[in-house]
1. State whether segment 161-317 is rounded, prolate or oblate according to the following rule on the C-alpha gyration tensor (a ≥ b ≥ c being the square roots of its eigenvalues): a/c under 1.5 gives rounded; otherwise a/b larger than b/c gives prolate, and the remaining case gives oblate.
2. Please compute the net charge surrounding I173, taking Lys and Arg as +1 and Asp and Glu as -1 over other residues with Cβ under 15 Å from its Cβ.
3. Using 0.36 nm per residue, how much length does the chain from N290 to N212 gain when fully extended, once their Cα-Cα distance is taken away?
4. Net charge near I188: determine it from the other residues with C-beta under 12 Å of the C-beta of I188, scoring Lys and Arg +1 and Asp and Glu -1.
5. Relative to the Cα centre, what is the charge dipole magnitude of the chain, using +1 at the beta carbon of each Lys and Arg, -1 at the beta carbon of each Asp and Glu, and rounding to the nearest 20 debye?
6. How do 206-212, 143-149, 291-297, 4-10 rank on mean C-beta neighbours within 10 Å, highest first?
7. Given a 1.4 Å probe, how much area per residue of the chain is accessible, in Å²?
8. What is the set of long-range amide H partners of K11 at a cut-off below 5 Å, with H atoms built 1.01 Å from backbone N?
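The values are calculated or read from the model by the stated rules, or taken from the named source; none is laboratory data. The structure displayed is predicted, hence computed values, not measured ones. Don't worry about glycine lacking a Cβ; one is built from the backbone with ideal geometry, like all the others, and counts go over all protein chains shown. Areas reflect the complete protein model, heavy atoms only, side chains present, ligands, DNA and RNA absent. Shrake-Rupley method; radii C 1.70, N 1.55, O 1.52, S 1.80 Å.
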Amino acid sequence: MPGIISTAPGKTILFGEHSVVYGKPAIAVPVNEKRAKVKIIPDIIAPKDSIQFVASQIDLNQNYHQLEGNHPLKVAVDEVKKFLNISNYPACKIFLETTIPISSGLGSSAAISVALIKGLLDFVGFQSTPDIIAKLAFQVEIEFHGNPSGIDNTVIAFNKPILFQKDMPIEFITLGATFSILIADSGIKGNTKTAVARVREKWTENPAQFNNYFEEMGNIVLEAKAMLESGNFQSLGKLMNFNQEYLRKIGVSHSSIEKLIEVSIQNGAYGAKLCGGGLGGNIVVLINENSVNQMTNLLLSTGATGIIYLKLGAGEY
Ligand code: PMV
C-alpha cells in the first residue's frame, strides 16, 4: 500500500452566512491560496486499526484509539470505516498540516476533514467523488459546530464557487469576470458556534423580524449570483454592503470588522462585508485589481493582522 498525499483548499463565504442556517441560499468560493494537507504512510509493524495522528502545529501526536469519542479526527475515521463497512482500518501514520488560519471563517476544520477523508479513502484504493467526501465531512462538521448548514464541507469538497442551499442540489457558479478580493483578518478570533447560537436566541425572541431579515438576505444572494455570472463589480459590491447591513442587524459584526469595512469603502472598494460566523474573524473586500497593493497596505495599517489576495478567475473552475 503506497503512501498518499491529499489536500483541500480553504473557503470563504461571499454572501448569505447565517441566513443559510435558516434554509436560505448562500454563496461560497474555495480559497486555494491556503490549503490543508494530509500525508498517510503505511505502518507495517503496528497492529490493524492503529492510526497514529501527528499534527506538529497543534502539538498532537496521538493514536486514533486514544482520541475522545467526538474528536473530529476520530469521527472522520469512524465515518470512513462505516462507509467502507470495515471494522479495522489498515495501520498507518497520518501527518496533518495546514496553512489555513484557524477560527477565522476560512473553513480550517472542514478543510482538514475533507483532506483527511479523501486521503483515508484514497489510501485503501477507493475511488471517491466530491459528493461522497462532502457527505462524510458533514458528519464531522456536526460534531465540531453543532448545527452547521453544510456549506463549508461542500464548497471545499467540490473546490468550485457554489450556491448552496440546505436540502437542495448544489448550483455551480460560472464567473463572468475575474474578481479581485482581499480577505483581511480583523485579528479578533471569531467563534462560529457562539455566533450561530446567539442568532438563534435572537430569532427565538423575535421570529417575525428575523425571518424577514433572512428572507432579504436570501434575495441578496440570488442577485449576487447573477452579478458574479455577468461580471458586474459595482453591483456586486453594493450587494456586499447590503448583506453586511443585515449581518449587523442580526448582531454578528464587531467594531474591528466595522473599522476595516469603513476604511475599505472610503478608499474605493466596490464593497466589503464580514465572512463566516463573524464576531471577529475575516472580512472580504471587493476591489479593482490595480488597487491590491494600496488596499492591502491600508488594511494592514488599520489593524488587519493578515491579508490573503484571492483572485477568483473566470474560466478557472
Ligand atoms: O465561520 P465559518 O466560516 O465556519 O462560517 C459559518 C457560516 C454560518 O452560516 C454562520 C454557519 C453555517 O453553518 O453555515
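1. oblate
2. -1
3. The span from N290 to N212 would gain 24.3 nm if fully extended.
4. Taking every Cβ under 12 Å from that of I188, the sum is 0.
5. The dipole of the chain has a size of about 220 debye.
6. Ranking the peptides 206-212, 143-149, 291-297, 4-10 by packing returns 4-10, 143-149, 291-297, 206-212.
7. 43
8. When sequence neighbours closer than 5 places are left aside, the close amide H contacts are V31, G107.
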